[in-house]
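Notes follow once the structure below has been shown.
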Amino acid sequence: MSLQHFIKNAISEWMRVKGPQSDIVFSSRVRIARNLAGLPFPTLSTSSQAEEVVRMVYEAWQKDSDLPFLKKAAFIRMSDLTPLEKRVLVEKHLISPQLAEESPHGAVLLSQDEAISIMINEEDHIRIQCLFPGLQLEKAWEMASHLDDWLEKHFTFAFDDQCGYLTSCPTNLGTGIRASVMVHLPALAMIQQLPRLLPVITQVGLAVRGIYGEGSEALGQLYQISNQVTLGQSEEEIIDKLQGVVRQIIEHELDARRRILHQSALELEDRVYRSYGILAHSRVIDSKEAMQRLSDVRLGVDLNLIKEVSASVMNELMVMIQPGFLQQYAGQRLDPEERDVRRAKLIRERLLMENNNPSE
Amino acid sequence: MLCPECGKRPATIHYTKIINGNKTEQYLCEVCAHEKGDVPTFENGFSFQKLLSSFLNFEPSFSEHESRATVKHQTLRCPTCGMTYNQFGKFGRFGCSDCYYTFRTHLEPMLRRIHGHTTHRGKIPERTKGALKIRRKLELLKEELARKVQAEEFEEAAKIRDQIRALQEQLEQ
Ligand SMILES: [Zn+2]
Ligand SMILES: [Zn+2]
């Protein structure tokens with residue numbers, strides 16, 4: 001297993017491919033929760049029961065490791081990772097904060113391109129996660145369902161005719177599905193439409209969060225929109241509904257971008273280049289400001305206002321400037337002040353590299 | 001404790017039966033207690049009562065004066081994992097899949113609040129698919145049977161009974 005492979009590169013292989021609508025939708029994710037029949041849920045399982053679940057998934061993988069989606073996958077136990085290594089996986093959205101911090105018997109089966117991660121002993125015995133670039137929720141669901149079928153050949157899942165798949169928390173009951181998209185909405189933020197739009201999304205039964213999951217603050221105008229209801233609707237209906245709302249949000253964002261370009265192109269260009277200047281030259285920058293500046297520049301890239309940098313470098317930096325990555329890069333623990341210095345240096349170096357060897 | 005009637009679901013309901021002044025007490029699961037509580041009384045329908053009871057799985061009790069299920073949620077505790085409803089209230093997480101049967105009565109309003117629905121409509125595990133189809137068919141046939149009995153179409157009822165038997169055997173295999 002090459003753990004270095006997973007944590008060295010900020011950009012997962014799946015992210016290198018450009019997905020549909022990727023100027024606004026950075027990624028689509030589908031996660032489904034499953035539990036093994038006859039064993040208590042992870043919150044109540046004993047060490048040996050939890051180890052049993054790890055062993056069962058491990059053996060299923062060993063038997064089928066030649067399946068295309070599992071080729072060169074890695075089976076990683078949380079107990080084998082340092083807190084920093086776990087944090088890096090969380091920042092890449094490959095595991096949940098809960099698996100990293102609260103699951104002594106947690107493990108993850110990660111595909112080589114990191115598009116698939118099967119978390120073991122998180123809140124539920126098994127959580128299958130599939131990540132796709134751009135707006136591709138159906139594909140992500142198809143893949144997750146395919147993995148579910150694979151696992152089902154090996155185990156009996158806790159399922160009830162009426163309640164569907166039984167989950168530790170009743171908010172996941174039924175389909176156990178959580179579909180989400182990460183969207184970048186800088187223009188709607190600039191024309192101050194987000195305070196009006198976001199409550200509407202909540203009213204139609206979807207949830208909106210900042211990018212690093214529950215309760216996290218929105219950084220860099222990146223929002224995660226996901227379904228709330230898991231019971232009483234089919235997976236396809238749930239995904240259709242989310243996709244429909246996201247399409248409307250995309251329209252609004254595109255419209256806002258056109259309006260800004262039309263009414264205040266010079267001011268926008270000025271803002272993009274000021275932000276680029278700060279990123280390219282600052283000596284101390286906190287993550288909130290860095291994310292905002294990266295968001296400005298990314299918008300400039302999407303609108304062809306700036307040529308000095310590519311969208312993929314912006315994506316990469318948004319991940320690399322997170323605390324776990326910075327400390328990984330530094331090879332040591334850093335306090336917040338040190339991180340702000342390292343962050344500024346990392347961004348400068350990355351942009352300089354881009355100027356010398358443009359990636360596109 | 002598992003329900004002595006079906007042996008499948010946890011016994012969470014205190015069931016009191018009074019026959020000719022003799023009180024018997026039992027703990028049953030919700031489903032079985034519900035079925036017992038809804039015992040239809042046929043004044044003259046001796047054989048049909050018997051016919052029906054062989055499916056609904058209860059003892060014929062013709063001189064029954066009172067049959068009452070008192071839904072007393074003795075401190076609800078999951079018989080499999082030991083979690084109480086209070087603990088669930090604190091954690092917000094269930095302990096095991098049997099908790100869903102144990103706390104079913106509390107669950108319905110909660111699910112309605114969270115999801116607006118109480119019945120799964122999504123994916124069904126491949127290995128449950130066949131059995132689930134049979135169970136759904138059985139439910140329909142049982143309803144049909146009750147209607148036939150009510151309408152006194154006894155020949156029809158007997159045919160349906162045979163179908164139910166056949167399906168039940170299929171399920172047990
Ligand atoms: Zn029962
Ligand atoms: Zn339980």
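The values are calculated or read from the model by the stated rules, or taken from the named source; none is laboratory data. Bear in mind the structure is a predicted one, so any value in this text is a computation, not a measurement. With ideal geometry, Cβ positions are generated from the backbone for all residues, glycine too; neighbour counts draw on all protein chains shown. Remember, those area values only see protein heavy atoms, side chains included, never the ligands or the DNA or RNA. Shrake-Rupley method; radii C 1.70, N 1.55, O 1.52, S 1.80 Å.
Contact with the other protein chains removes 10 Å² or more of accessible area, compared with the isolated chain and a 1.4 Å probe, from these residues of region B:122-167: B:122, B:123, B:125, B:126, B:127, B:128, B:132, B:135, B:136. A simple spin-label model places the labels of residue A:193 and residue A:51 5.7 nm from each other, with each point 7 Å out along Cα-to-Cβ. Between the amide H of residue A:160 and those of A:165, A:166, distances stay under 5 Å, these residues lying 5 or more places away or on another chain, with hydrogens modeled in the peptide plane. Across region A:31-46, computed HN-Hα scalar couplings (Karplus, 6.51 cos²θ - 1.76 cosθ + 1.60, θ = phi - 60°) run 10, 10, 9, 9, 10, 7, 5, x, 10, x, 5, x, 4, 10, 6, 6 Hz from first to last residue, x flagging Gly and Pro. In order along region B:139-152, the phi-based Karplus estimate (6.51 cos²θ - 1.76 cosθ + 1.60, θ = phi - 60°) of 3J(HN,Hα) comes to 4, 4, 5, 5, 4, 4, 4, 4, 5, 4, 5, 4, 7, 6 Hz; Gly and Pro are listed as x.
Estimated from the Cβ-Cβ distance and a Förster radius of 30 angstrom, the FRET efficiency linking residue A:332 and residue A:66 is about 0.15.
Only the Cβ atoms of Lys and Arg (+1) and of Asp and Glu (-1) were treated as charged; on that basis the dipole of chain A about its Cα centre amounts to roughly 940 debye. When the residues A:345, A:92 are ordered by accessible surface, computed with a 1.4 Å probe over the protein chains alone, the sequence from largest down reads A:345, A:92.
Sequentially through region A:205-210, phi angles give Karplus couplings (6.51, -1.76, 1.60; θ = phi - 60°) of x, 10, 10, 10, 9, x Hz, Gly and Pro residues having no value and appearing as x. Pairs exceeding 28 Å between alpha-carbon atoms, taken from A:18/B:129; B:8/B:133; B:8/B:137; A:153/B:137: A:18/B:129. The GNM of chain A, with springs linking C-alpha atoms under 10 angstrom apart, assigns the highest mean-square fluctuation among A:81, A:231, A:279 to A:81.
Give the A-B buried accessible area in Å², both sides summed, 1.4 Å probe, nearest 100. What A and B bury together is about 3100 Å². Using a probe of 1.4 Å on the protein chains alone, the accessible area found for residue B:120 is around 10 Å².
With a 1.4 Å probe and all protein chains in place, put B:75, A:171, A:46 in order of accessible area, largest first. Spell out each step's value before the answer.
Details: B:75 120, A:171 50, A:46 70 Å².
Largest to smallest exposure gives the sequence B:75, A:46, A:171.
Of the GluC sites (Glu not before Pro) in region A:188-284, which ones lie in a loop per DSSP and count no more than 16 other C-beta atoms within 10 Å? Passing sites in region A:188-284 are A:214, A:217.
For chain A, the longest principal axis of the alpha carbon atoms and the long axis of helix A:47-63 meet at an angle near 80°.
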